[in-house]
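Reading through the structure tokens given below for one structure.
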Amino acid sequence: MTALDLAYEECRSITQREAKNFYYAFLTLPAARRRAIYVAYAFCRYCDDSVDRLGSTDEKISALGGLQQELERTYLGHAVDPVFSALADVAERYDIPQEYFQEVISGVECDLIKDRYEDFDQLRRYCYQVASVVGLICLQIFGYKDPAAKERAIDLGLAMQLTNIARDVREDLEFGRIYLPQDEMARFGYSEAELQAGVVNQAFIQLMRHQADRAKWYFRSGFQLLPYLSLRCRACPAVLGQLYRKVLDRIEASGYDVLNNRISLSKPEKVRVTAQTWLSSVLPLLLTTRG
């Protein structure tokens, strides 16, 4: 194996170990693009691990600064770390702008310096950095011809991150973070003190319904990405999007009570959604092949 092959294998190992559901969605891709997606995931994992590990905020910011420097070296052709060596190859093969990876670092850093969002404009910017731009990276790897695909990829990323936010209100609060827009909490008459106390009242339900309705709008727009992709690459984003969409359905079914319920899909449910979505995505390809 060459040094580059070993670098790619390291990224695959990281993805298999850490990605869980994502890993099986990635398996639907053609081999070369699948290998490239592993690299993108490994980079994002590096960013997340830099802030999730123990240490002071200053130490975490410094760690992200180190990743930023490594990213800059990578685009200058001087990568040292195996993940970044593989990233250099992927970035060149699929023409991925450096700014996309920079946005991911900036979004992760945001979690260290910002714990409240005044309005949805602020929240949308954060969601773009930590989710939508990852979709844009993946889009480069999937391949596309129509620039309109970018907006759909952005919206699918927003939908998935907004679902995460709705699901994880209680867990984020334990870390001192509130991603629900402050102006919307005020509009629906729900206070931070009530959130801290775990109060689930009509105001909270209406607030969370509003978050879910917004996410559903972005899902509708985001799923329109699929026709822009080749039949061989549609299943991956389709599976990921449907898994998150099912979580959103589960939030609605719980009466939006995410403070007293940990919303999730069981492993059999995830397998079923993955299989059904994969089959519906590849069926046109199978029919074309038979014909």
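The values are calculated or read from the model by the stated rules, or taken from the named source; none is laboratory data. These figures come from a predicted structure and were not determined experimentally. Positions of Cβ are generated from backbone atoms using ideal geometry, with glycine treated the same way; all protein chains shown enter the neighbour counts. Just the protein is used for accessible areas: all its heavy atoms, side chains included, with ligands, DNA and RNA removed. Shrake-Rupley method; radii C 1.70, N 1.55, O 1.52, S 1.80 Å.
Accessible area per residue of the chain at 1.4 Å probe, in Å²?
In whole numbers, the chain has 48 Å² accessible per residue.
What is the Cα centroid distance between region 2-61 and region 77-113, reported in whole angstrom?
12
Could you pull out every one of the lysines with an alpha carbon less than 19 Å from that of Lys150, ignoring same-chain neighbours closer than 8 positions?
Cα-Cα hits under 19 Å: Lys216.
Which value at 222 nm does the chain reach when only helices count, each DSSP H run of 4 or more adding -39,500 (n - 2.57), with the total divided by all residues and rounded to the nearest 500 deg cm²/dmol?
Only helices count here, giving -24000 deg cm²/dmol.
Please work out the FRET efficiency for the pair Ser264 and Gln68, using the Cβ-Cβ distance as r and a Förster radius of 35 Å; give the result to the nearest 0.05.
Efficiency computed from Cβ-Cβ geometry: 0.55.
Tell me the carbon and sulfur percent of the accessible area for region 99-156, rounded to whole percent, probe radius 1.4 Å.
That fraction is 45 percent.
Taking Lys270 as the anchor, which lysines have their alpha carbon closer than 19 Å to its alpha carbon, excluding any fewer than eight residues away along the same chain?
Result set, ordered by chain and number: Lys20, Lys246.
Place a +1 charge on the Cβ of each Lys and Arg in the chain and a -1 charge on the Cβ of each Asp and Glu, then give the dipole magnitude about the Cα centre in debye, rounded to the nearest 20.
That gives the chain a dipole magnitude of about 1580 debye.
Please enumerate, by chain and number, the aspartates and glutamates with C-alpha under 18 Å from the C-alpha of Lys267, excluding those fewer than 8 residues away in the same chain.
Glu18, Asp249
In the chain, with Lys and Arg counted as +1 and Asp and Glu as -1 at Cβ, which of these residues, Thr2, Ala36, Ala238, has the Cα nearest the positive end of the dipole, that is, farthest along it?
Ala238
For region 39-165, what does the relative contact order come out to in percent, with C-alpha contacts under 8 Å and a separation of six or more?
Result for region 39-165 is 23 percent.
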